[in-house]
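I have placed the structure first, in the form of structure tokens, so that the comments after it can refer back to it.
The values are calculated or read from the model by the stated rules, or taken from the named source; none is laboratory data. Not measured: the values here are computed from a predicted model. With ideal geometry, Cβ positions are generated from the backbone for all residues, glycine too; neighbour counts draw on all protein chains shown.
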Amino acid sequence: MHEAVRADGEIRRLDHPVLIASFSGWSDSGGAASATMAYLIEEWGATPLAHLDPEAFYDFTVQRPRVRLEDGERVLDWPQNRLLLARPPGATRDFVLLDGVEPHLRWRTFNLAIEELLRELGVETSITLGAQPAGVPHTRPLPVNLSASHPDFEDVFKLKAPASRYQGPTGIVGVMNLHHRKLGWRNASLWGLVPHYLTVGPNPNAVLSLVRTLDVGFGLQTSTSRLDARIEEFATQVTQALRQSPEAAGYVTQLEEQYDEERPPAPLATDERVSGELPATEDILDDLEKFFRERRDPDG
């Protein structure tokens, strides 16, 4: 096992294991992919397996540790990459869940450290999760885009996997995907599309779409009951915000019309990472972003 990896549980060969990984940062607009991973960890009853020592992979002046109180004592939380083991109800195989934070440094070493551990566990299939802003309305089921190493993943997830012609910067998700594909592993990447005017925090509708896509792919029935309340509250907040901005409400109506005409909802840039400027409509959507920021941070 790589020197950067610390075992938290028994490291052994697993039963046809699949890695599911997400990283906060570049490839996770609004944190929807990380929120999906947190939801899976809880619903699937995942248990700690291992974690990576953050010392070699982060610039702590860029991403500082956070201090908090625990039982009256001050403790530090460092950027965390943890791997957990899960066997959800009805599953015929084990799942390794990687809940991570995009590193700042030594990406090749980072991938090699994870690879060594995955080899010990017997992993040869990996699924990465991402989220990206797109021209989709929050009032409709949010689509998921698929990128895959093998065409049969289209049948697995019931999605099309168009060839990407993107060239440019990428995040740790893109690097990990290519690393695993060069190893000859089966790899797919699922990208939840989130409304580009609602990227202040995790979108529960995107979480729902990613969870259901994974259920389809692996024959699972993950409970989504805990998401229902979040989705209802989220919809109420958006409705309140739209009342304050008729221009934004009109823009959402346009997106709904486009969606209902079954135009394929394309991300604003690529399946690797959204880059560049948002549409010109971003000016009329400032009220929505401000509304959600104030709701999450009333003290500013």
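Quickly run through region 26-50 and pick out the residues that are surrounded by fewer than 20 Cβ atoms within 10 Å (Cβ to Cβ) and more than 14 Å from residue 121 (Cβ to Cβ).
Within region 26-50, 26, 38, 41, 42, 43, 45 meet the criteria.
Quick one: which residue in 121, 198 is surrounded by 18 or more Cβ atoms within 10 Å (Cβ to Cβ), more than 19 Å from the chain's Cα centre (by Cα) and among the aliphatic types (A, V, I, L, M)?
121
Just name the residue that is surrounded by the most Cβ atoms within 10 Å (Cβ to Cβ) out of those in region 126-183 that are without any contact (Cβ under 8 Å) to a residue 24 or more places away in the chain, over 18 Å from residue 215 (Cα atoms) and of a type in the set (Lys, Arg).
Checked region 126-183; the qualifying residue surrounded by the most Cβ atoms within 10 Å (Cβ to Cβ) is 182.
Scan region 89-134 for residues that are part of a strand (DSSP E or B) and either more than 29 Å from residue 204 (Cβ to Cβ) or polar (S, T, N, Q) (or both) and jot them down.
Within region 89-134, 125, 126, 128, 132 meet the criteria.
Which one of the conditions (1) in contact with an Asp or Glu (Cβ under 7 Å, 6 or more places away or on another chain); (2) surrounded by fewer than 19 Cβ atoms within 10 Å (Cβ to Cβ); (3) not polar (S, T, N, Q) does residue 241 fail to meet, given that it meets all the rest?
Only one criterion in (1) in contact with an Asp or Glu (Cβ under 7 Å, 6 or more places away or on another chain); (2) surrounded by fewer than 19 Cβ atoms within 10 Å (Cβ to Cβ); (3) not polar (S, T, N, Q) is unmet by residue 241, namely (2).
Does residue 210 fit the bill of being under 28 Å from residue 152 (Cβ atoms), aliphatic (A, V, I, L, M), part of a helix (DSSP H, G or I) and without any contact (Cβ under 8 Å) to a residue 12 or more places away in the chain?
Criteria not met by residue 210.
In this structure, is residue 242 modelled with pLDDT of 95 or more and not aromatic (Phe, Trp, Tyr)?
Taking the combined requirement at face value, the residue does not satisfy it.
Would you be able to tell me the number of residues in region 135-144 that are farther than 19 Å from residue 230 by Cα and in a loop (DSSP other than H, G, I, E, B)?
2
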